[in-house]
Amino acid sequence: MQTESLLHASDTAVEPMLVVDRLKAYYTTKAFGIDRDIRAVDDISLTVAKGEIYGVAGESSSGKTSLIKTIVGAIRPPLHVVGGNVRFNFGGQAHDVYSLRPDELQAIRWRHLSYIMQGSMNVLNPVRRIRHSFYDFAFNHMGLGRTAFWDKVRDHLKKLDLDPGVLDSYPHQLSGGMRQRTTIALATVCTPEFIVADEPTTALDVIVQRDVLTMLRDIQRDLGSSFLFVTHDMSVHATVSDRVGIVYAGRLVEEADTPTLFRGARHPYTQHLVASLPKIGDTTRRASLSGRPPSLADPPSGCRFHPRCPLAMDICSREVPAMTNLTPRHRVACFAVSGATS
Amino acid sequence: MSLILDIDHVSKTFLQGGLLSRRSVEAVKDISLQIEAERPEILSVVGESGSGKSTLAAMVLGQQLPTRGRVLFDGIDVASIHGRAEHRAFMAKVQPVLQNPFEAFNPLKRVDRYLFATAANFMSANGRPTRAEIEARVDQTLVEVGLTLAEVRGRFPHELSGGQLQRTAIARALIPDPRLLVADEPVSMVDASLRMSIVNLFGSLRDRLGLSIIYITHDLATAYYISDRIIIMKKGEVVERGNARDVLDNPQHPYSIALKNAVLTPEFA
């Protein structure tokens, strides 16, 4: 009774930038003749429209990073794709990530599809000046001569309020915020159409975080790129994302426009995430969920949230709830909700 | 009025560089701070990275000695503590809780061994404890944090969730029955659904055990939620201090205002 609805979710005439269709990716380990599957991405479908910031929220080890890796095609054993497909639409041309040859994928990367990584301090080579990172990452994708290339890089840095002098610095000479802004500049220098950002502000303090998020929003406005924005911090999603999907134990449990999600979430897990956020000026007691996040190696049967769910019913431990559309842009996978609406 | 902690005009300077290009960095500049023994409280220390929060904590724990000024704990100068017995007596009263529970525990060692070792160490001050006494003490502190020895016994760190592991770390800190906990960013590595359980636990430890907690964080929202007093630090100096709710409802210093304005809230949605 899978009522999956990719077509309804993107009711616009324009082809979405990214279509992820029933994607399944497992980590398979073989030890002592026993195969173990870690179901990190389990039957996830989503679409990202042109110029949209799609937020992915979830706890650590809920499969967020595995989802990104499978979407951008950076798949290394033991991770492998079990089912489903991922299609990008660059310049009116569809690209199925899993049927591309490695060199074709290489050509798309950075030019059309780029990636802002988690932990800026680990991305830049610590023993080389930052200009080398720019050269290594971007030069081949730009198709410009050397002089034109460096002019373009300097212009881009200036546009992002970074001193072009950072090119001659070593990573350790810059503060954490500067380094993160430099990696963002590095990821956006080729004006890609699709940008994946994995926890880009997690290691930063609040003031720097605010600057970096403003910078990302400005870039998105200037380039008109689509973003897939991953972070566990719900207040960051409230600030930047247009639409948010909540991942729990490798499955998408709810997806809605950001205002809808924060004001009218229907899945009990989302409701908890939103309600547990402390706010300045509000001292009412915030509760915490009982239990612990499930192990992906041995997830609970049926709905994976049922052992911790306040609304759990008999059916929840037997069957997997299907994604149901409440409105064209609000989907939720929960028996308590779909039972009430049908 | 007796003071459990008296930080008296403390500064800390670090020297950087080699012989030719030596320069000094003042991580903490002339900070004074008192916590009263009769009034247990949660004191939040907030500020950006590099503002000297962790250096201050290290001095309270006796891991760094101040360049100028004194840190008095229960009337004793922390710098004057020498020898194993004195050090143990001091650590029985001040205990740390670290940022990342996955790094605080050795991944190859069962977590209950830390608890038993800590209990054996501190209980041996008054005679050699028996196995049963040690287990009883460990179980008692685990119950304080909402766990039991049965849940933790024989487990490796990866078998527990971040929230459970951080609570185990807090239980370990509670074993010697301390007067003060120094918690450096204790919730930044804990999952969102479990974060509030740690913050609420701090509140209940203060109320039930009469424990004071120095809560170092850059999350102003949890600081507002749980703490009694707050100090806001910038570049080693305290720029604003006072009742946590008053300071954050109505910050005065430009830096505090900037900090509050930078906080993201779900209302932006």
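Pairs from the list A:50/B:260; B:234/B:260; A:50/A:279; A:30/A:69 with a Cα-Cα gap above 23 Å: A:50/B:260; A:50/A:279. Once the mean of 1/r is taken over each pair of separate Cα atoms and inverted, the protein assembly as shown shows a Kirkwood hydrodynamic radius of 26.5 Å. Once the 1.4 Å probe is applied to the protein heavy atoms, the range B:107-177 comes out at 47 Å² accessible per residue. Build a GNM of chain B with springs between Cα atoms under 10 Å apart, and of B:115, B:33, B:180 the one that fluctuates most is B:33. Semi-axes of the equivalent ellipsoid for the range B:107-177, computed as √(5λ) from the eigenvalues of its C-alpha gyration tensor and ordered from largest down, come to 20, 12, 10 Å. Taking the 1.4 Å solvent-accessible surface of the protein assembly as shown as the whole, the part contributed by carbon and sulfur is 51%.
Each part reduced to its alpha carbon centroid, the range A:171-222 and the range A:267-342 end up 32 Å apart. Take each residue in B:251-258, count the other chain C-beta atoms within 10 Å of its C-beta, and the mean is 1.
The residues packed around residue A:171, meaning those with a beta-carbon under 11 Å from its beta-carbon, carry a net charge of +3 if Lys and Arg are +1 and Asp and Glu are -1. Among the trypsin sites (Lys or Arg not before Pro) within the range A:102-193, those in coil by DSSP and having at most 14 neighbouring Cβ atoms inside 10 Å are A:128. Each of A:267, A:256, A:212 was scored by the projection of its Cα onto the charge dipole of the range A:186-296, and the greatest displacement toward the positive side belongs to A:267; charges sit on the C-beta of Lys, Arg, Asp and Glu. Histogrammed with a bin width of 10 Å, the alpha carbon distances of the range B:139-200 distribute as 21, 56, 23, 0 percent, first bin at zero. Report the relative contact order of the range B:107-177, percent, no decimals, based on alpha-carbon pairs under 8 angstrom and at least 6 residues apart. Averaging sequence separation for qualifying contacts and normalising by length gives 47 percent for the range B:107-177.
Under 5 Å between amide hydrogens, built in the peptide plane, is the criterion, and for residue B:36 it picks out B:4 among residues at least 5 positions away or on other chains. Mean partner shielding of peptide A:232-238, defined as the number of other chain Cβ atoms within 10 Å of each residue Cβ, is 5.
Computed with a 1.4 Å probe over protein heavy atoms only, the accessible surface of the range B:185-238 comes to 26 Å² per residue.
Interface area, chains B and A: about 3100 Å² of buried accessible surface, summed, with a 1.4 Å probe and ligands, DNA and RNA left out.
Across peptide B:216-229, the average count of Cβ atoms from other chains found within 10 Å of a residue's Cβ is 3. Springs join every pair of Cα atoms under 10 Å in this Gaussian network model of chain A, and among A:224, A:281, A:55 the largest mean-square fluctuation is at A:281.
Only Cα pairs under 8 Å and 6+ residues apart enter the sum, and on that basis the relative contact order of chain B stands at 25 percent. A Förster distance of 60 Å, applied to the separation of the beta-carbon atoms of residue B:124 and residue B:68, puts the FRET efficiency at 0.95. The Cα center of the range B:53-113 and the Cα center of the range A:15-76 differ in position by 43 Å.
Net charge near residue B:196: determine it from the other residues with C-beta under 12 Å of the C-beta of residue B:196, scoring Lys and Arg +1 and Asp and Glu -1.
Its environment carries a net charge of +1.
Between beta-carbons, use under 13 Å as the cut-off and find the net charge around residue B:167, counting Lys and Arg +1, Asp and Glu -1.
Charge balance in the 13 Å sphere: +1.
Convex hull volume of the C-alpha atoms in chain B, normalised per residue: 161 Å³.
Cross-link partners for residue A:152 among the aspartates and glutamates, with Cα-Cα distance under 19 Å and sequence neighbours closer than 8 places in the same chain left out: A:136, A:161, A:163, A:168, A:193, A:218, A:222.
The values are calculated or read from the model by the stated rules, or taken from the named source; none is laboratory data. Everything numeric here is computed off the predicted structure, so don't read it as measured data. Counting neighbours? That spans all protein chains shown, and the Cβs are built from the backbone with ideal geometry, glycine included. Ligands, DNA and RNA are stripped out before the accessible areas are found, and what is left, the full protein with its side chains, is counted by its heavy atoms. Shrake-Rupley method; radii C 1.70, N 1.55, O 1.52, S 1.80 Å.
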